[in-house]
Structures are given as structure tokens and as C-alpha cells.
Protein chains: 2
Amino acid sequence: MVSDEADSGSDSPPLLSGDSEALSQFIENMGLYFEDYGIPRIGGRILGLLLVARRPVSPEEMSEVLQVSRSSISTNLRSLLMAGLVERVSLPGERSDYYVISEEAWERSLEMRLEGIQALREIAEEGLQGLDAGHPARQRLEEMLSWTAMVEDAYRKLLEAWQSRKEVPA
Amino acid sequence: MVSDEADSGSDSPPLLSGDSEALSQFIENMGLYFEDYGIPRIGGRILGLLLVARRPVSPEEMSEVLQVSRSSISTNLRSLLMAGLVERVSLPGERSDYYVISEEAWERSLEMRLEGIQALREIAEEGLQGLDAGHPARQRLEEMLSWTAMVEDAYRKLLEAWQSRKEVPA
DNA sequence: CGATTGTTTCAGTCTTGACAGAAACAAGTG
DNA sequence: CACTTGTTTCTGTCAAGACTGAAACAATCG
């Protein structure tokens, strides 16, 4: 679903290069993957494109390469910006804005998972307060609570590990 | 959104007890939470109900307590069964089937996360094959790959830790 | 072997939200 | 200060799928 009829009247360096069939497939797969997780397919495809592009990409180019309307690009881009997954860069002497994958995209992704599990832990805590001492369901909610706590802890550690992955190279 | 007008002509032990306002809230929160993650809201509410119920619950009771049609219960129950989050139990002398949260529900939940991240790693691997050696995007995809590998590893460890949480109590 | 009770499947309705196209808006340039 | 270019907002359309009620199906009991 990726057509590279860009470059129309442009002398900018090529956007994509390499096995374009594989890259199209990659972009499409990203779209499908994210769709499974509640992110609009086009948003996922934008991320895919930004991941394999040789240089920052303008909304106009996204629209051409992904074959979707500019308004869709605009809407999805805004969501991705707000989620901290994409960043705007100003290319010197260019009037249009250009976008790249955020440096912290993967970190943000972990943070979002962390937030999700925290929310679930809070639900468990509140639910537990509605059960009397000897209630047969208490055990289940306590198990849920310890599960969320355990996963939350793992995410925290993962986040730290990821953040400090560059230090101590050897 | 939970009305406990069950018990209609029944002498079975009560389904819910405790702070019913809090429990309703819990069930509703579970529905909303799961909805955010692509699971039908009713499915989430069923899980919530099963978590705080005093005993196994029949589809009929779910329909009454959650105020949704039996066919919705049936459909969602089937999904939950297939996902391994819910189990059927046969109550002796009862004609209707009863359901409980699966013992392995939380474990299954981790397994599903693991499968998700594996899929993403495969996407990254395939995409990487479409990029030539010196391609500026290689670094990004390699970072994506190492991120997925790291998260995948963490999930595996988490899964093991959860599975063996009962052994070695002291 | 009807009749009752419980469960699943089916077809239709309704809601949600993604997307497109057009209009509105900004900003920069001659 | 028009005019061009680029971006966002708005409105309408469309598709996906969650949910319901009714019909079909099983199984059990008198």
C-alpha cells in the first residue's frame, strides 16, 4: 500500500531506499500491528514510515507515500506528537515542517504501559476496599493486586534499564 | 450500572456481598479499562464480576447483574473461554453451567503480552532486511529490535517469576 | 415423547470512530 | 495588500463491530 510517486518536482534526497517491497511491507505491518492495539492504522503507518525513512518527512510526503489524505495525516500526526512518539524538526531553509520519530519513542512506549498497569492496580485496590475481611473474593483481588504490583515493578526496572542502556557500554 | 435484582426465586447463596456500591464501581471500571485495550466492555465487566463474586456465576446471573442480553453474555463468555481467562465449572446437582475466573488468567495475560511483543520483534527483523548496510535508518530499526528483545526478555522472566511465586514461600 | 429450561446462533440495529474533501486559517512573499 | 503555499479544522460518509431479540438448537424431566 505504499506508492513512491513522490519526488514530483523535487530535488530533495530520496525518502526511501533499499528493498522497497520489504519496506512497504514493514510500514503496512506496523499499521496493522498498531491497529490491533487501538492505535489508528494510519498512525502506525506513519511511525513505520518515519522509522525507515532516510531523512525527516513532511506531511505532504507522508500523504503521497502512504496514499492518504492530508487531513488524516494531520490528525494522526497530532496524536503521535501528543503521545511523544514523533517530533517536529525544522529543516533550515525549508518552509514546510518535517517530522521524525522521537528519540524517546520507545521510552514513551514503556511509560504508557506503566501507566496502564498502574491504572489497573488502582482499580484492584479500590475493589478490595469493597470486600469484607473474610470474603471469598478477597483472595482473588489480592492476587490481582500482587500481579499488577509485580508487573508494575518490572516495567519500572525495564524503564531504568532502557534509559541507562548507553552508559556502561562494556 | 449493576443491578442486583437476581435471587429472583432462588435459594442459592448470594452472589455479591460487601460494599455493593464499590463493587459495582469495580465491575464498571474493569469494563472501561478493558475497553481501552480493545476488549469488549462487557467482557471486561464479566471478568470484574467473576473477580468479586462469592461463588461461580451462571450466564443467567451475569445477564441479570450486568443488565445485558444473554446473547451478549454468551458471545463474550466464549471469547473469554477461548482466551483462557475464564473457566467453566460444573456445580453438582445444578443444570446450568457456572463460570469462574481461570486460575491461569494472570498468567495468560502475561503470555498474551509476550506474544504481542514477539510479533513486533519479527516486524522489526523483517524490516531490517530491507535496508542496505549503511542506511541511516538501520540504526533506528536496530534500536527497535533491541527494545523488543529487551521487553520480550523481561516478559519471559516475569512469567517465570509469576509461575513460581508460590514455591519458596519463605 | 411432548414440554420446559437453558444455551447458542443469526439477522438486524445502532454506535463509534476513522477517513476524505472542502473550507477556513496562517504565514510568508512579491 | 493581494497571492501563493502550507496546515488545521470541520462536516459528512462509511465501515466495523458491539449489542439485542428472536429463532434454532439441546438436553432434561415429567
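Data table
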{"read-out": "Members of the range A:41-60 that are within 12 Å of DNA strand C (Cβ to nearest atom) and crowded, with 23+ Cβ neighbours inside 10 Å", "value": "A:GLY43, A:GLY44, A:ARG45, A:ILE46"}
{"read-out": "The lone exception for B:LEU128 - which of (1) more than 7 Å from chain A (Cβ to nearest Cβ); (2) crowded, with 21+ Cβ neighbours inside 10 Å it fails", "value": "(2)"}
{"read-out": "Residue count for the range B:66-96, restricted to those that are in contact with a Ser or Thr (Cβ under 7 Å, 6 or more places away or on another chain) and outside any strand (DSSP E or B)", "value": "7"}
{"read-out": "Flag if B:SER79 is under 18 Å from B:ALA53 (Cα atoms), more than 10 Å from DNA strand C (Cβ to nearest atom) and in the same structural domain as B:MET30 (by TED's automatic domain parsing)", "value": "no"}
{"read-out": "Members of the range B:25-40 that are farther than 23 Å from A:ARG113 by Cβ and buried (at least 21 other Cβ atoms within 10 Å of the Cβ)", "value": "B:ILE27"}
{"read-out": "Flag for B:LEU120 being more than 7 Å from every other protein chain (Cβ to nearest Cβ) and either among the hydrophobic types (A, V, I, L, M, F, W, C) or more than 21 Å from the chain's Cα centre (by Cα) (or both)", "value": "no"}
{"read-out": "Only one of A:ASP4, A:ASP36 that is at pLDDT below 95 and in the same structural domain as A:LEU85 (by TED's automatic domain parsing)", "value": "A:ASP36"}
{"read-out": "Whichever residue in the range A:144-155 is free of Cβ contacts under 8 Å to residues at least 12 places away in the same chain and within 7 Å of chain B (Cβ to nearest Cβ) and, among such residues, is farthest from B:TYR155 (Cα to Cα)", "value": "A:TRP147"}
{"read-out": "Subset of the range A:81-127 [under 30 Å from A:GLU142 (Cα atoms) and touching a Leu at 6+ places or on another chain (Cβ under 8 Å)]", "value": "A:GLU107, A:ARG108, A:SER109, A:LEU110, A:GLU111, A:LEU114, A:ARG121, A:ALA124, A:GLU125, A:GLY127"}
{"read-out": "Test: residue in the range A:107-128 that is within 30 Å of A:GLU35 (Cα to Cα), touching a strand residue (DSSP E or B) at 6+ places or on another chain (Cβ under 9 Å) and either at pLDDT 95 or above or among the aliphatic types (A, V, I, L, M) (or both)", "value": "no"}
{"read-out": "Every residue from the range A:131-143 that is over 33 Å from the mean Cα position of the chain (by Cα) and more than 8 Å from every other protein chain (Cβ to nearest Cβ)", "value": "A:ALA133, A:GLY134, A:ARG138, A:GLN139"}
{"read-out": "Matching option when the condition is on the phi < 0 side of the Ramachandran plot, away from DNA strand D (no atom under 11 Å from the Cβ), touching a strand residue (DSSP E or B) at 6+ places or on another chain (Cβ under 6 Å) and facing chain A (nearest Cβ under 10 Å), among B:LEU16, B:LEU80, B:LEU23, B:LEU50", "value": "B:LEU50"}
{"read-out": "Odd one out for B:SER63, checked against (1) away from DNA strand C (no atom under 11 Å from the Cβ); (2) touching a helix residue (DSSP H, G or I) at 6+ places or on another chain (Cβ under 9 Å)", "value": "(1)"}
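The rows are residues; the columns are (1) surrounded by fewer than 16 Cβ atoms within 10 Å (Cβ to Cβ); (2) within 28 Å of B:SER17 (Cα to Cα).
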| position | (1), (2) |
| --- | --- |
| A:ARG78 | yes, no |
| A:LEU81 | yes, no |
| A:ARG95 | yes, no |
| A:LEU110 | no, no |
| A:ALA119 | yes, yes |
| A:GLU122 | yes, yes |
| A:ASP132 | yes, yes |
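The values are calculated or read from the model by the stated rules, or taken from the named source; none is laboratory data. Because the structure is predicted, anything quoted here is derived from the model rather than measured. Don't worry about glycine lacking a Cβ; one is built from the backbone with ideal geometry, like all the others, and counts go over all protein chains shown.
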